[in-house]
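Laboratory data are not the source of any read-out in this text; all were calculated from the coordinates shown. Since we're looking at a predicted model, the values are computed, not measured. As a convention, Cβ positions derive from the backbone with ideal geometry for all residues, glycine included, and neighbour counts pool all protein chains shown.
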Amino acid sequence: MFNIDNPTNSIEWMLFLTKKYLNMFLEGTWLTLYIAVIGTLLGFVLGYVIGIIQDIKISAGDGFFKKLLVRILKIISAIYVEIFRDTPMIVQAMIVYYGIRQLGVNMSPIFAGILVTVLNTGAYMAETVRAGIGSIELGQREGAWAMGMSPMKTMFYVVLPQAFKNIIPEMANTFLTNLKMTSVLNVIAVQELFMAAKTVGGNYYKYFESYLVIAVIYFVLCFVFNKIFNFIEKKMRGSNDYALAVEYLDNQ
């Protein structure tokens, strides 16, 4: 049906390029997943730390040094969040990679790409975590405090588990965004999926067909992971059998 050896149309060129440069596309896909997964996971951790810092309350009974430390941490975290939320990731990649190299530090493009992904994810997740913590009723904290739990234990054992459940959809969206945004890292010579397509397309001057190939790959990756996250979210939401019990009692 298709003449792959002597392609004459876009579909045949896509099949030809995929067959000839399959290893390059696979390596680019693997690197894209590697950066997205590692960068997102570490970014989640950073986002949780920043979100918790932003949620810390200063009371009148706190000591001077505690108040000073908390305020300094809040200022630093606020500046960090604003900088990385208000600048494009492609610009951040250029500044981090070339800026650090100017300081004499020999940083690999992959490490720089992961670092930028972590910092970018952390900034967005910080606001998400802060909103997730704020969504938990204050009465639950007060109840935990009344039982003798410290504010730190209350945060880790009462608030954060519920906040985590509430922000899973946003976490999934952030990962899918990072999966696609790794394409901008080609500006610092990261050999991810977009860079692979750019290289392959230049060999035959078939950029359109080459980019169509990775468009299909990106779509499949995002579609599969989106289904996985929807399944996890549904499982964590739990069963809705309790609704049936309520309806049963109301009908009695």
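For the reader, a short list of remarks on this structure follows.
- From phi via Karplus (6.51, -1.76, 1.60), per-residue ³J(HN,Hα) for the stretch 215-228 in Hz, x at Gly/Pro: 4, 5, 5, 4, 4, 4, 4, 5, 5, 5, 5, 5, 5, 5
- Net charge of neighbours whose Cβ lies under 10 Å from the Cβ of MET155, counting Lys and Arg as +1 and Asp and Glu as -1: +1
- Cα→Cβ-extended label distance, 7 Å offset, between TYR80 and ASN9, nm: 5.4 nm
- Mean Cβ count within 10 Å, highest first, over the residues of peptides 88-94, 5-11: 88-94, 5-11
- For the stretch 35-135, averaging the sequence separation of C-alpha pairs within contact (under 8 Å, six or more residues apart) and dividing by the residue count gives a relative contact order of 56 percent.
- The chain: most fluctuating residue of SER150, SER210, SER183 per GNM, C-alpha cutoff 10 Å: SER150
- Each distinct pair of alpha carbons in the stretch 12-115 adds a 1/r term; the inverse of their mean, the Kirkwood radius, is 17.3 Å.
- With the cut-off at under 13 Å, measuring from each backbone N in the stretch 123-144 to a point 7 Å along the Cα-to-Cβ line of LEU73 picks out no residue.
- The stretch 94-216: relative contact order in percent, alpha carbon pairs under 8 Å with at least 6 residues between: 23 percent
- Set of lysines near LYS74 by C-alpha distance (under 30 Å), chain-local residues within fewer than 8 positions excluded: LYS57, LYS66, LYS153, LYS165
- Cα centroid separation, the stretch 192-213 to the stretch 102-151 (Å): 37 Å
- Label separation (MET94 vs LYS227): 3.9 nm, computed from points 7 Å beyond Cα along the C-beta direction.
- Distance from the stretch 66-96 to the stretch 5-28 (C-alpha centre basis), Å: 43 Å
- Calculated FRET efficiency for the pair GLU170/LEU26, C-beta based, R₀ 22 Å, to 0.05: 0.15
- Theoretical ellipticity at 222 nm over the chain - DSSP helices of four or more residues, -39500 (n - 2.57) apiece, nearest 500: -25500 deg cm²/dmol
- Percentage relative contact order, the chain, counting C-alpha pairs under 8 Å, at least six apart: 28 percent
- Among ALA123, ALA196, ALA215, residue whose mean-square fluctuation peaks in a GNM of the chain (springs only between Cα atoms under 10 Å): ALA215
- All Cα pairs of the chain, percent lying beyond 22 Å: 66 percent
- Largest GNM mean-square fluctuation among ALA144, ALA131, ALA36, using the chain with Cα springs under 10 Å: ALA144.
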